[in-house]
1. Being crowded, with 24+ Cβ neighbours inside 10 Å and of a type in the set (Val, Ile, Thr) is the filter; apply it to region 44-70 and report the residue that is farthest from Phe154 (Cα to Cα).
2. Filter region 96-114 down to residues that are surrounded by 14 or more Cβ atoms within 10 Å (Cβ to Cβ) and either of a type in the set (Phe, Trp, Tyr) or not in a loop (DSSP other than H, G, I, E, B) (or both), then give me how many there are.
3. Among the candidates Arg49, Arg71, Arg79, single out the residue that is charged (D, E, K, R) and in a strand (DSSP E or B).
4. Taking Arg182 as the residue in question, decide whether it is among the basic types (Lys, Arg) and under 30 Å from Asp85 (Cβ atoms).
5. When you go through Ile213, Ile206, Ile230 one by one, which is the residue that is of a type in the set (Val, Ile, Thr) and closer than 24 Å to Pro281 by Cβ?
6. Tell me which residues, restricted to region 213-260, are under 18 Å from Val323 (Cα atoms) and aliphatic (A, V, I, L, M).
7. Farther than 25 Å from Gln18 by Cβ and buried (at least 19 other Cβ atoms within 10 Å of the Cβ) - does that describe any residue in region 200-216?
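The values are calculated or read from the model by the stated rules, or taken from the named source; none is laboratory data. What you see is a predicted model, and the numbers here were worked out from it, not measured in a lab. Methodologically, a virtual Cβ is constructed for each residue, glycine included, from the backbone with ideal geometry; neighbour enumeration extends over all protein chains shown.
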Amino acid sequence: MNGSQVSDDGLPDLAEAQEKIGRLKASIEKIIIGKSDVIERTVTALLARGHLLIEDVPGVGKTTLAHALARSIDGGFQRIQFTNDLLPSDVLGVSIYSPATEEFRFEPGPIFANIVLADEINRTSPKTQSCLLEAMNDGQVSIDGQTLRLPTPFMVLATQNSMEFTGTFPLPESQLDRFLMRLRMGYPSSEDERRLLLGKNPAEAIPALEPVISTSDVDGLQQIVGRIRISPVVTDYVLALVERSRADERLALGVSPRGAMALMRAAQALALIRGRGYVLPDDLKELAVQVFAHRVVLSNRVVSTGHDRDLQETIILEALERVEVPI
């Protein structure tokens, strides 16, 4: 952010950062109506260098959200439809032999984009799912003995339909742990749905959506996020929540260290969005369920009722109630 003022705490002018973030949110809200909370979480994940898993019924705007985000930051967008016959090479790319040059030429796959929509990610095999792990964790892929960096910023927005189970492969714990947050979009309110029905089709409106910030702006905002202050008291609060999850007898696996770091990073991004140079315990409380719930694994002693997600979220909510909030 060249030319911006620097505050006493060493952070660039937060007002300038907020202005850019506000433009980004307003741009997406032109397309996604009545979902300001979901849009804020999506921007939070982007600024925190994280990935999103959205579980919901078809037709509520998951694909449109990803496309609108990419257009708004002037970033590359790719959609990958995950099916049971999808191969890792269909995602990462493949080396093709050229008789003219007598050399292999690498053709990059759709993973080489700023915003990647992994649609119905749980409909492909674990082998293909696993090809995303390095990309999501390190921002790179290893192919044919070479390591290739992905564009920056890089974000995977994955969808899965929580109501359809036939022909799906459950995401392994290692895959789930790579997602910063798990969200639901939900149905729109009656008034918002009326606006949708009477307005222009969002899918048709996306091509006319102009970028409001650049990918370099996003890089700059991500760097600021890493400098948002976290006090030792706030760190202790995160550790207490994590320990509470690991001690819960209903869980075979509590929150991982990666999960604890994810909550800290998400809270830093949310603090920036709210115009602060420091994290509050309330930031952690606001994000904990969406960051932690998909990372915990229920014990075999817990009888499955088909609502495992609800129980995961309940356990995290109970931890929030029982762990004392620092003043």
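1. Ile54
2. As a first pass, look at region 96-114 and keep what is surrounded by 14 or more Cβ atoms within 10 Å (Cβ to Cβ): 106, 108-114.
Filter once more, so that each one left must be either of a type in the set (Phe, Trp, Tyr) or not in a loop (DSSP other than H, G, I, E, B) (or both): 106, 108, 112.
Number satisfying all stated conditions: 3.
3. Working: Arg49 fails: in a strand (DSSP E or B); Arg71 fails: in a strand (DSSP E or B).
Step by step, each of Arg49, Arg71, Arg79 is checked, and only Arg79 is charged (D, E, K, R) and in a strand (DSSP E or B).
4. Against the criterion (among the basic types (Lys, Arg) and under 30 Å from Asp85 (Cβ atoms)), Arg182 qualifies.
5. On the way: Ile213 fails: closer than 24 Å to Pro281 by Cβ; Ile206 fails: closer than 24 Å to Pro281 by Cβ.
Going through Ile213, Ile206, Ile230 in turn, just one is of a type in the set (Val, Ile, Thr) and closer than 24 Å to Pro281 by Cβ: Ile230.
6. Correct list: Val233, Val234, Val238, Leu239, Ala240, Leu241, Val242, Ala247, Leu251, Val255, Ala260.
7. Yes, because at least one residue in region 200-216 is farther than 25 Å from Gln18 by Cβ and buried (at least 19 other Cβ atoms within 10 Å of the Cβ).
Matching residues to (1) assigned to a loop (DSSP other than H, G, I, E, B); (2) modelled with pLDDT under 90; (3) touching a strand residue (DSSP E or B) at 6+ places or on another chain (Cβ under 6 Å); (4) surrounded by 16 or more Cβ atoms within 10 Å (Cβ to Cβ):
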{"residue": "Val116", "(1), (2), (3), (4)": "no, no, yes, yes"}
{"residue": "Asn122", "(1), (2), (3), (4)": "no, yes, yes, yes"}
{"residue": "Met136", "(1), (2), (3), (4)": "no, no, yes, yes"}
{"residue": "Thr152", "(1), (2), (3), (4)": "yes, no, no, no"}
{"residue": "Gly167", "(1), (2), (3), (4)": "yes, yes, no, no"}
{"residue": "Pro170", "(1), (2), (3), (4)": "yes, yes, no, no"}
{"residue": "Glu193", "(1), (2), (3), (4)": "no, yes, no, no"}
